[in-house]
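**Student:** One structure, as structure tokens, below. Some questions next.
We did not get these values from a lab; they are worked out from the coordinates using the rules stated. Keep in mind that what you see is a predicted model, and the values were worked out from it rather than measured. Note: ideal-geometry Cβ built from the backbone for every residue, glycine included; neighbour counts use all protein chains shown.
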Amino acid sequence: MAKSFIDKACSILFFLLLIQAVLAHRKLSLKQKEPCKRFVLYYHDTIFNGTNAANATSSPVNNVTNISKFLFGLVVVFDDPMTLDQHLLSPPVARAQGFYFYDMKTTYNAWFGFTLIFNSSDYKGTLNNMGAGMMGEETRDLSVVGGTGDCFMARGIATFRTDKLHPSYTYCL
Amino acid sequence: MAKSFIDKACSILFFLLLIQAVLAHRKLSLKQKEPCKRFVLYYHDTIFNGTNAANATSSPVNNVTNISKFLFGLVVVFDDPMTLDQHLLSPPVARAQGFYFYDMKTTYNAWFGFTLIFNSSDYKGTLNNMGAGMMGEETRDLSVVGGTGDCFMARGIATFRTDKLHPSYTYCL
Amino acid sequence: MAKSFIDKACSILFFLLLIQAVLAHRKLSLKQKEPCKRFVLYYHDTIFNGTNAANATSSPVNNVTNISKFLFGLVVVFDDPMTLDQHLLSPPVARAQGFYFYDMKTTYNAWFGFTLIFNSSDYKGTLNNMGAGMMGEETRDLSVVGGTGDCFMARGIATFRTDKLHPSYTYCL
């Protein structure tokens, strides 16, 4: 079940190097992102609104600044379940723990730092992510800057899609 | 114009690997940082002082702690334009979005996490940076820990110079 | 003294690539973490409690949120000395500067971003770390996502052990 999904998910550096050697010989475009190990996770964020403490999975931790209407400076800490499909009540395969803050004066825009934590009987490990979410675009790319455990030394890209119904991260490691 | 600058700027991993292979054969010093793709960007930060909301590009988001005179614990979120020369009004080639906080009791010192965002018709992509700025020194080195888009998988160093007139980042990817 | 310790500590990418090539030929497990350059540092954190401003090396910088009993959302900035043995008064070989915040509703758990700064006559450089500390486990692995100076381009793992008497980081680069 979850096993095969993570088998595909966790690219380690040895393998990455082999792929790159092959690509180099083929003189493919430097922007080439394929082949990469790809998987999709859906996340479920319930922000604290003052009354939903029992269900909330994230919360602002400071006050908004006065230099913009777009929440500039607001920091939010989150601990969100990640599932393999769009359903909130599906069994989580990972948790995304970290923070983001709004950092643009003229529109909603956020900077993320978070860790994807796999902690099941099948797999243990983490993927560390950081980057900017340019909210004006349909998708945003964050960097996967490292990993531990079964994702030891992973690097890659996490593509963040904010479809309101089914927000997701597509990982390409 | 901006095109050739970013052509030089965005080192991708394939190329990096080739360079490294060459260096390894030459038995150069392990601390060797050259050759690397190098470019300089000037940044322009206008911190919110309570009255300049229209022009400010950064703002504190919390209160200072009481354990030091050197702003220990103060967090600042910024969204600064980056230009190719020292002039504030030059057309920005990128934005630097992120945060820093002061983290030393005995002097001014800061820790940075930010993303350099290229979003022009020529280039789209990001460079993700983190590290400590030891303010006692003329220059500080941050790590470039990842990139997306045209800077896919970049790694390297950003050298931060706080010349008061022309503060800049020199990237070596 | 400290020299040999850092000689062992700072793995650079050239060397890492050679090791990986060897491992690939031997068809070792993808989860293989050895051989790596390994070293242990002990850290000494004294959190500000309202009265110990002179000795404190860290301080909360905001207020706790209301969605959990486990300090959810509390951000702490630190500047901790790191030593080669368990004694607080040993000469520090580095400082760990950065922040963490609590990010779990059901237990104590934290997310870290920090830089290890070596700044002696023998060595200058930094190691940049990020990741989640799953406090329920005896040890936690963070990612080393980059380095500068004598640790130029380092990557690896920092294993965080919260033995109350001798909390430490074991680096494997």
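**Student:** Between segment C:44-87 and segment B:44-105, what is the C-alpha centre distance in whole Å?
**Tutor:** Taking the Cα centre of each part, segment C:44-87 and segment B:44-105 sit 24 Å apart.
**Student:** Now, a different point. At A:D45, with labels set 7 Å past Cα in the Cβ direction, how many nm apart are the copies from this one, shortest first?
**Tutor:** Its label point is 2.5, 2.5 nm from the equivalent points in the other copies.
**Student:** On a 22 Å Cα-Cα criterion, which of the cross-link pairs A:K124/C:K105; A:K37/A:K124; B:K105/C:K124; B:K37/B:K124; A:K37/B:K37 come out too long? Mind dumping the intermediate values first?
**Tutor:** Values: A:K124/C:K105 20 Å; A:K37/A:K124 18 Å; B:K105/C:K124 20 Å; B:K37/B:K124 18 Å; A:K37/B:K37 28 Å.
Pairs exceeding the cut-off: A:K37/B:K37.
**Student:** Which whole number gives the average count of other chain Cβ atoms within 10 Å of the Cβ atoms across peptide A:100-111? Kindly include the intermediate steps, with their values, before the conclusion.
**Tutor:** Numbers: counts 0, 7, 3, 13, 5, 7, 1, 0, 0, 4, 1, 10.
Rounded to a whole number, the mean comes out at 4.
**Student:** How shielded is B:147-154 by partner chains, expressed as the average number of their Cβ atoms within 10 Å of its Cβ atoms? Spell out each step's value before the answer.
**Tutor:** On the way: counts 4, 11, 4, 2, 2, 9, 9, 1.
The mean count of partner-chain Cβ atoms within 10 Å per residue comes to 5.
**Student:** What is the dipole size for segment C:35-172, taken about its Cα centre, with +1 at each Lys and Arg Cβ and -1 at each Asp and Glu Cβ, in debye to the nearest 20?
**Tutor:** Details: 10 positive and 11 negative charges, 39 e Å.
The dipole magnitude comes to about 180 debye.
**Student:** Using the beta-carbon distance between C:N66 and B:T162 and R0 = 41 Å, what value does 1/(1 + (r/R0)^6) give for FRET efficiency, to the nearest 0.05?
**Tutor:** Numbers: r = 39 Å, r/R0 = 0.96.
Working from the Cβ atoms, E equals 0.55.
**Student:** List every residue whose amide H lies under 5 Å from the amide H of B:V145, counting only residues 5 or more places away in sequence or on a different chain, with H placed 1.01 Å from N in the peptide plane.
**Tutor:** HN-HN under 5 Å from B:V145: B:N128, B:N129, B:M130.
**Student:** While we're on this one: Percent relative contact order of segment C:35-172, based on C-alpha pairs within less than 8 angstrom and at least six residues apart? All intermediate terms of the calculation are to be shown ahead of the outcome.
**Tutor:** Values: 348 pairs, mean separation 26.7, N = 138.
Normalised by residue count, the contact order of segment C:35-172 is 19 percent.
**Student:** Could you give, in nm with one decimal, how far C:N119 is from each other copy of that position, shortest first, with labels 7 Å out from Cα toward Cβ?
**Tutor:** For C:N119, the inter-copy label distances come out at 3.5, 3.5 nm.
**Student:** Taking the label point 7 Å from Cα in the Cβ direction, how far apart in nm is C:T107 from each other copy of itself, listed shortest first?
**Tutor:** 4.1, 4.1
**Student:** Still on this structure, I have one more. Just which residue of chain A brings its Cβ nearest the axis of rotation onto chain B, and by how many angstrom, rounded whole?
**Tutor:** Minimum Cβ distance to the axis, with residue: A:V145, 2.
**Student:** Using a Förster distance of 41 Å, how high is the FRET efficiency between C:E138 and A:Y108, based on the Cβ-Cβ distance and rounded to 0.05?
**Tutor:** Working: r = 41 Å, r/R0 = 0.99.
FRET efficiency, C:E138 to A:Y108: 0.50.
**Student:** Label-point separation (nm) for C:I47 and B:D45, each offset 7 Å from Cα along Cα-to-Cβ?
**Tutor:** 2.8
**Student:** Give the peptides A:116-123, B:77-84, C:44-51, B:126-133 in descending order of average Cβ contacts within 10 Å, highest first.
**Tutor:** Put in order of decreasing packing, that is B:126-133, B:77-84, A:116-123, C:44-51.
**Student:** Taking every Cα atom in segment C:35-172, find the radius of gyration and the maximum pairwise distance Dmax, and write them in Å.
**Tutor:** Taking only Cα atoms of segment C:35-172, I get Rg and Dmax of 15.2, 48 Å.
**Student:** Could you work out, residue by residue across C:45-58, how many beta carbons of other chains sit within 10 Å of that residue's beta carbon, and then give the average as an integer? Kindly include the intermediate steps, with their values, before the conclusion.
**Tutor:** On the way: counts 0, 0, 1, 6, 0, 2, 0, 1, 6, 2, 1, 6, 2, 6.
Mean number of neighbouring Cβ atoms from other chains: 2.
**Student:** How high is the relative contact order of segment A:101-172, in percent, with contacts defined as C-alpha pairs under 8 Å that are six or more residues apart? All intermediate terms of the calculation are to be shown ahead of the outcome.
**Tutor:** Working: 158 pairs, mean separation 15.3, N = 72.
Computed value for segment A:101-172: 21 percent relative contact order.
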